[in-house]
Amino acid sequence: MDGAPDGTVRIKLLREPTIEWSLIIGDLIHNLRGCLDYATCGLIEIADPSSSLTNIQFPFGRPDLPLNSDERKRVKGLGPEAIARIEAIRVAHGADLHLVNLMSNQDKHRLLLPVAVRQVPMKMTIDKASNTASIEEDIDGAAEVWTKEIKNGEEISMPHMLKLSIGLIIEGEPKPFPLRDIERVNKSVGEAFMMICKIERGLLTGPFGDNPAIPSSGS
């Protein structure tokens with residue numbers, strides 16, 4: 001840019017994210033959460049046909065902590081072995097399931113998921129074996145760059161390898177969620193869904209005892 005130090009650029013957003021992005025992503029997140037809730041209700045129906053489904057939903061709980069007695073009410077009717085399998089799902093996909101829960105609650109109750117433009121720091125990785133190099137995003141290595149808001153017409157310093165990318169602003173999270181990572185979250189939910197289906201098949205075939213339905217834990 002003329003008259004400015006080397007490495008300084010003026011941002012011109014030719015196409016800013018529209019509100020439709022937030023609406024589409026919100027629908028996607030609700031569908032991801034909904035499939036887990038449907039699967040959980042189906043699981044309860046098999047385990048305890050007499051149980052009410054009024055307050056049943058997938059128990060997201062708190063990150064890195066086992067479900068407490070209140071959170072287990074979301075799967076009332078499951079015995080301890082089925083609960084252990086639900087906990088295994090939470091451990092295997094905890095970070096992504098936590099994001100689904102955060103985004104769903106925000107979009108449903110308070111605020112559409114804002115879509116924002118951010119600088120993305122890059123890094124070069126060299127493979128000595130093949131004598132090749134690749135350029136990759138490095139948000140984790142330079143989060144302070146990724147969290148800085150970018151506005152149209154703003155003059156910013158870009159002395160290193162950087163590009164502009166799209167992120168979702170999530171309440172309480174220290175940095176935007178990279179929109180490209182939604183594919184990974186979708187995969188995690190899909191795998192969690194299939195794991196719940198395996199629990200259902202186990203209940204029907206009775207691997208935990210002679211009775212195909214696991215006795216209620218009473219929690």
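The values are calculated or read from the model by the stated rules, or taken from the named source; none is laboratory data. Just so you know, these numbers come straight off a predicted model, no measurement behind them. Reconstructed Cβ throughout: ideal geometry from the backbone, glycine too, with neighbour counts over all protein chains shown. Surface areas here come from the heavy atoms of the whole protein model, side chains and all, with no ligands, DNA or RNA. Shrake-Rupley method; radii C 1.70, N 1.55, O 1.52, S 1.80 Å.
Exactly one of these conditions fails for residue 17: (1) open to solvent by 20 Å² or more (accessible area, probe 1.4 Å); (2) touching a residue at least 60 places away in the same chain (Cβ under 8 Å); (3) not in a loop (DSSP other than H, G, I, E, B). Give me its number.
Among (1) open to solvent by 20 Å² or more (accessible area, probe 1.4 Å); (2) touching a residue at least 60 places away in the same chain (Cβ under 8 Å); (3) not in a loop (DSSP other than H, G, I, E, B), the lone unmet condition for residue 17 is (3).
From the list 108, 148, 128, 123, which residue is more than 25 Å from the chain's Cα centre (by Cα) and at negative phi?
128
Within the range 87-109, is even one residue in contact with an Asp or Glu (Cβ under 9 Å, 6 or more places away or on another chain) and more than 26 Å from residue 29 (Cα to Cα)?
For the range 87-109, residues in contact with an Asp or Glu (Cβ under 9 Å, 6 or more places away or on another chain) and more than 26 Å from residue 29 (Cα to Cα): absent.
How about the range 179-200: which of its residues are under 16 Å from residue 102 (Cα atoms) and without any contact (Cβ under 8 Å) to a residue 60 or more places away in the chain?
Scanning the range 179-200 gives a single hit, 181.
Just a yes or no: is a residue in the range 37-54 charged (D, E, K, R), open to solvent by 20 Å² or more (accessible area, probe 1.4 Å) and at pLDDT 95 or above?
yes
Taking the range 23-36 as the search range and keeping residues that are touching a residue at least 60 places away in the same chain (Cβ under 8 Å) and open to solvent by 30 Å² or more (accessible area, probe 1.4 Å), which one is farthest from residue 202 (Cα to Cα)?
23
Of the numbered conditions (1) in contact with a strand residue (DSSP E or B) (Cβ under 6 Å, 6 or more places away or on another chain); (2) open to solvent by 20 Å² or more (accessible area, probe 1.4 Å), residue 62 fails exactly one; give the number of that condition.
Among (1) in contact with a strand residue (DSSP E or B) (Cβ under 6 Å, 6 or more places away or on another chain); (2) open to solvent by 20 Å² or more (accessible area, probe 1.4 Å), residue 62 violates only (1).
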